[in-house]
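The values are calculated or read from the model by the stated rules, or taken from the named source; none is laboratory data. These numbers come from a predicted model, not from an experiment. No Cβ is skipped: glycine too gets one built from the backbone with ideal geometry, and neighbour counts run over all protein chains shown.
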Amino acid sequence: MQQKKNQFQELLLPLYFFMQLSRKAYSNYLENKLFIHACAIRKANKSIYKLLTDKPSLIPFALQDDCIALLNHYDIWFAQFDALKRKKKPQPDDTFVFQQLDQFSAFPKAAEMNIFAAYEAMKKEFSIENGIAE
């Protein structure tokens, strides 16, 4: 049970937070595709990447493929971001548009859904265990 609690507190809880932050930044980016919004996405994604690569032993077995899919996506996305940034040398208010390179570079939505479902399940489990009503 302690391992599961550690997975929740040290991995899934911050992972959920940073993924929500990334979602918000991406939503802002979709409204106005500016470099400043792309930088906000990058910052959130870097936090996710660091968390997953710093704590791989806490990744539940059921989420390992999902986390690998996320990391793979971020590797491609960071490379594309860096190349576009070098080429364009954008200012914060410049348009900064990404193109999906191939079917392997798309954001893994199923992985995101699985991670969110695991977070919600553990959150509910620990809330019930601690007598906290949702």
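Structure data summary
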{"read-out": "Counted residues, segment 45-85 - those being closer than 20 Å to Asp102 by Cα and of a type in the set (Phe, Trp, Tyr)", "value": "4"}
{"read-out": "Test set (1) surrounded by 13 or more Cβ atoms within 10 Å (Cβ to Cβ); (2) out of contact with any helix residue (DSSP H, G or I) (no Cβ under 6 Å at 6 or more places or on another chain); (3) closer than 19 Å to Gln3 by Cβ - Ser57 fails condition number", "value": "(1)"}
{"read-out": "Failed item, numbered, when Pro14 is tested on (1) within 26 Å of Leu101 (Cα to Cα); (2) surrounded by 14 or more Cβ atoms within 10 Å (Cβ to Cβ); (3) not β-branched (Val, Ile, Thr)", "value": "(1)"}
{"read-out": "Residues within segment 105-128 that are part of a helix (DSSP H, G or I) and under 19 Å from the mean Cα position of the chain (by Cα), tallied", "value": "15"}
{"read-out": "Considering residues of segment 100-127 that are polar (S, T, N, Q) and touching a residue at least 12 places away in the same chain (Cβ under 8 Å) only, the residue nearest to Lys46 (Cα to Cα)", "value": "Ser105"}
{"read-out": "Sole residue being within 19 Å of Tyr29 (Cα to Cα) and either within 19 Å of the chain's Cα centre (by Cα) or at pLDDT below 85 (or both), chosen from Asp75, Asp94, Asp82, Asp102", "value": "Asp82"}
{"read-out": "Members of segment 36-45 found to be in contact with a helix residue (DSSP H, G or I) (Cβ under 8 Å, 6 or more places away or on another chain) and either closer than 23 Å to Gln9 by Cβ or not β-branched (Val, Ile, Thr) (or both), listed by number", "value": "His37, Ala38, Ala40, Arg42, Lys43, Ala44, Asn45"}
{"read-out": "Residue check for Ile76: in contact with a Leu (Cβ under 9 Å, 6 or more places away or on another chain), free of Cβ contacts under 8 Å to residues at least 40 places away in the same chain and within 30 Å of Met1 (Cα to Cα)", "value": "no"}
